[in-house]
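Working notes for the structure below.
The values are calculated or read from the model by the stated rules, or taken from the named source; none is laboratory data. Here the structure is a predicted model, which is why all the values come from computation and not from measurement. Glycine also receives a Cβ, built like all others from the backbone with ideal geometry; neighbour counts cover every protein chain displayed.
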Amino acid sequence: MLDIGTAAGWALLCLALLSTMSPYSARVGSVIATADVRSGEAVFHYVNSVGLVFLANAPPDLVCASLLGHSNSTVALGGVVEGVRCSPPPTSFNGTFSLEVSLGGRELTLQGWAEAR
Amino acid sequence: MGRSAIAATIVGAVVFSTLLLANTALYEAQNDYLIAVQHSSVQVEEAGLAPILVGEEAFSSLASSQTFLQSHPMDCLDQALYLQSLTGTEVRAGRDQSISYSARASWSYTDAISGTGSGDPLIPKEFDGFSSTGLDLLVTVSVDESFAGGLPSYSSQRIENVHLPVEPEAEAADCRVALAYARSALSSLPSCDSTSVMQKLSTGTAGPYALTSFSTYASATSSSGVCVVNYSVSSTVAGIPGVLGPFQWTVFGSGSEVASVSELPRLLPSAP
């Protein structure tokens, strides 16, 4: 009777450890990290494409339009230009990246949201 | 019955122990993979952020220089001192995602291309690199980044040439020509008064091209029998392309000259 109790306790302990040490959570974490990188790369690519003079001088709505123009089906770009938010984040995304840029007194926050591939 | 129960208990314990060991191995492997992915993700983000920080500093040096030029006219007789005052330092620190960064920049006017100087991909071509005729700046930027204060970290130093499309040497030379011409024109006056000065200057505008692009101002004062002429020339160039939009820049020069006066002394009426 005591053996059965010990074995049952051991089994319960094993089940508890199995549920807490789930490999699935680590896999989800790596998917998010990869999506974060894709978001960051999209933001960096955008800045390199338009250049800093454009970001410093263009009207906020033009910056927002260019962010939208650089978005695609898997990566959405947005941001805040002089307090004006371009577009809300997509409803579903896995990774995100945010970059603060200060140019000649103008503050911009450029954001990217990526879905997992 | 008793032996069967013990055997089943042992088998159960072995099965659960094996499951636990297998899961732990898989968990550790996935965890190592996650750490590797996060590590490389941060490295990619740090490497992407560094050129943007350098670009921001290059932009900042151009913006500061543009603001200085717009608010400070250049004395063409003191051009070297003026250009030497185009210098600055800046420290930028912050945090993007979990990456802490600091960028320390120093910049100054240069009249020679640096051995390691190069352009910045984030700066448009009209301001990028060294220009043999423009107003050149040498920008040195040191960037340090780290992930949550630790590894992976990233450090780099870049030395870049950027420029504004103004021509300080040529403008100063034109200004000095205009000053020399004004000095020459005002060295002799028919009389020591504003009418003579204006007359001389109006004939002067038909002189060298440099003087026609400069506005000239002068005044004559007679003191102790000496005619002193103070004169100045200035030229304002508007619509110069700058990183903060078009701007204007003024170049000026001034001097004074003792003019020779050719009029005869006016005779006082004789007493009746």
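Being of a type outside the set (A, V, I, L, M, F, W, C), within 13 Å of the chain's Cα centre (by Cα) and part of a loop (DSSP other than H, G, I, E, B) is the filter here, so list the residues in the stretch A:71-108 that pass it.
Once the filter is applied, which keeps residues that are of a type outside the set (A, V, I, L, M, F, W, C), within 13 Å of the chain's Cα centre (by Cα) and part of a loop (DSSP other than H, G, I, E, B), the stretch A:71-108 yields A:Thr74, A:Pro89, A:Pro90, A:Thr91, A:Ser92, A:Asn94.
Could you tell me whether A:Ser66 is small (Gly, Ala, Ser), more than 14 Å from chain B (Cβ to nearest Cβ), surrounded by fewer than 20 Cβ atoms within 10 Å (Cβ to Cβ) and not in a helix (DSSP H, G or I)?
no
Only residues that are surrounded by 13 or more Cβ atoms within 10 Å (Cβ to Cβ) and either in the same structural domain as B:Ser64 (by TED's automatic domain parsing) or not small (Gly, Ala, Ser) (or both): list them for the stretch B:222-235, please. Quick ask: steps written out before the conclusion?
Filtering the stretch B:222-235 down to residues surrounded by 13 or more Cβ atoms within 10 Å (Cβ to Cβ) leaves B:222, B:227-235.
Hits for the stretch B:222-235 are B:Cys227, B:Val228, B:Val229, B:Asn230, B:Tyr231, B:Val233.
Only one of B:Glu56, B:Glu126 is within 19 Å of B:Leu244 (Cβ to Cβ) and part of a helix (DSSP H, G or I); which?
B:Glu56
Can you tell which of B:Gln66, B:Gln30, B:Gln43, B:Gln70 is assigned to a helix (DSSP H, G or I), out of contact with any Gly (no Cβ under 9 Å at 6 or more places or on another chain) and either more than 10 Å from every other protein chain (Cβ to nearest Cβ) or surrounded by 15 or more Cβ atoms within 10 Å (Cβ to Cβ) (or both)? Walk me through how you get there before you give the answer.
On the way: B:Gln66 fails: out of contact with any Gly (no Cβ under 9 Å at 6 or more places or on another chain); B:Gln30 fails: out of contact with any Gly (no Cβ under 9 Å at 6 or more places or on another chain); B:Gln70 fails: out of contact with any Gly (no Cβ under 9 Å at 6 or more places or on another chain).
Just a single option satisfies the conditions, and that option is B:Gln43.
If you scan the stretch A:11-44, which residues turn out to be among the hydroxyl-bearing types (Ser, Thr, Tyr) and surrounded by fewer than 18 Cβ atoms within 10 Å (Cβ to Cβ)?
Listed by number, the residues that qualify are A:Ser19, A:Thr20, A:Ser22, A:Tyr24, A:Ser25.
Does B:Asp111 satisfy the criteria of being in contact with a His (Cβ under 8 Å, 6 or more places away or on another chain) and away from every other protein chain (no Cβ under 14 Å)?
no
If you go through the stretch B:156-165 one residue at a time, do you hit one that is part of a loop (DSSP other than H, G, I, E, B) and within 12 Å of the chain's Cα centre (by Cα)?
Checking the stretch B:156-165: at least one residue is part of a loop (DSSP other than H, G, I, E, B) and within 12 Å of the chain's Cα centre (by Cα).
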